[in-house]
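To start, the structure itself, in structure tokens.
Any read-out appearing in this document is the output of simple, stated calculations on the displayed coordinates, not a laboratory observation. Note that the structure is predicted; figures quoted are calculated from it, not measured. Every residue, glycine among them, receives a Cβ derived from its backbone with ideal geometry; neighbour counts consider all protein chains shown.
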Amino acid sequence: MLLILSAIFFGALAMLVHELGHLLAARICNVSASELGLGMGRKLATFRIGSIKLSLGLWPTGSFVMLDGAVLKQRSVSAQLFVHLGGIMLNVVAGWLAFGSMFSWMNLLLAAGNILPLYQHDGWKCGVVILRALMPRTNAQVERAFTFSGGFVSLGIAWYVARLFF
């Protein structure tokens, strides 16, 4: 039971680290953020820290930072990638600094899951930014094909990793 509670606690902490990475990268690139959410479902608490609204949800199964997407799209491709990868980068740093602990593993797992090209994950967002930079105009069919194939690639990677351990 203690192991499960530790995994939930350190998983939530790793999600907070992840979102703080996005927030820090966004601030560096002058992209405003209005909210940082930790947890999903019914909101248990909401409060402000400076200009950011912090919301805590009932279930510690996800997190987000509400960025100004219009401003982000106006930034350079490298700045957009930096913001989208900010969470992963901070998870990797935290994972290596705490290496061998439950906190380390939760950070490294979160980083590995988010780099996959799954819809709305950071890897997918980076892929869309790169596609849009390479294409002369936005093409919904190409983006749908990328999203669909990204799911298959992610499934293949997950299957391969699972085979390593089981």
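Given points 7 Å out from each Cα along the Cα-Cβ axis, report the TRP159 to LEU56 separation in nanometres with one decimal.
4.2 nm
Would you tally the net charge around ALA45, using a Cβ to Cβ cut-off of less than 14 Å, leaving ALA45 out, and scoring K and R as +1, D and E as -1?
Values: positive: ARG42, LYS43, ARG48, LYS53; negative: GLU35.
With Lys, Arg at +1 and Asp, Glu at -1, the neighbours total +3.
Given H placed 1.01 Å from N in the peptide plane, which residues other than close sequence neighbours of LEU116 have an amide H under 5 Å from its amide H?
For LEU116, the qualifying residues are GLY123.
Can you list residues from other chains, or at least 5 along the same chain, whose modelled amide H is less than 5 Å from the amide H of GLU35?
LYS53, MET66
Going by the alpha-carbon gyration tensor, a ≥ b ≥ c the square roots of its eigenvalues, is the stretch 1-92 rounded (a/c under 1.5) or, if a/c is not under 1.5, prolate (a/b greater than b/c) versus oblate? Intermediate results must be reported in sequence, preceding the final value.
Details: a/c = 2.80, a/b = 1.61, b/c = 1.73.
In terms of gyration-tensor shape, oblate.
Per the helix-only calculation at 222 nm, which mean residue ellipticity applies to the chain, given -39500 (n - 2.57) for every DSSP H run of n ≥ 4 and division by its residues, nearest 500 deg cm²/dmol? Could the numbers behind the result be given before it?
Values: 6 runs with 107 residues, N = 166.
About -22000 deg cm²/dmol.
Give a quick list of trypsin sites (Lys or Arg not before Pro) in the stretch 128-160 that DSSP marks as loop, anything other than H, G, I, E or B, with at most 15 other Cβ atoms within 10 Å. Could the numbers behind the result be given before it?
On the way: sites: ARG132, ARG137, ARG144; in loops: ARG137.
Here the trypsin sites (Lys or Arg not before Pro) that fit, given the DSSP loop and packing criteria, are ARG137.
Hey, can you grab everything whose amide H is under 5 Å from the amide H of GLY57? Only 5+ residues off in sequence or another chain; H modelled, so Pro and N-termini drop out.
Close amide H contacts, sequence-distant or interchain: LEU38, GLY39, MET40, LEU44.
So if each residue of separation counts as 0.36 nm, and I subtract the Cα-Cα distance between LEU3 and THR46, what length gain in nm does that give? It would help to have the intermediate numbers written out before the result.
Numbers: separation 43, 0.36 × 43 = 15.48 nm, distance 2.84 nm.
So the extension gain works out to 12.6 nm.
Around GLY57, what is the net charge, scoring Lys/Arg as +1 and Asp/Glu as -1 over all other residues with Cβ under 9 Å from its Cβ? Could you put the intermediate results ahead of the total?
Working: positive: ARG42, LYS43; negative: none.
Computed value for this residue: +2.
May I ask you to derive the FRET efficiency for ALA70 and ARG27 from their Cβ-Cβ distance with R0 = 25 Å, giving the value to the nearest 0.05?
Values: r = 17 Å, r/R0 = 0.67.
The pair ALA70/ARG27 has a calculated efficiency of 0.90.
If you take every DSSP beta bridge whose two residues both sit in the chain, what share of them, in percent to the nearest 5, is antiparallel? Show your work: numbers first, answer last.
On the way: 12 of 16 bridges.
Counting DSSP beta bridges with both partners in the chain, the antiparallel share is about 75 percent.
Quick one: among ALA45, ALA14, ALA98, which has the greatest mean-square fluctuation in a GNM of the chain with alpha-carbon springs under 10 angstrom?
ALA45
Output the DSSP H helices from the chain with an along-axis C-alpha extent of no less than 27 Å and a mean Kyte-Doolittle hydropathy no less than 1.6.
Values: long enough: 2-28 (39 Å, 1.80); 77-97 (29 Å, 1.51); 140-165 (38 Å, 0.82).
Helices meeting the span and hydropathy rule in the chain are 2-28.
For the stretch 20-166, what's the radius of gyration and Dmax over Cα atoms, in angstrom?
Both quantities, over Cα of the stretch 20-166: 16.6, 47 Å.
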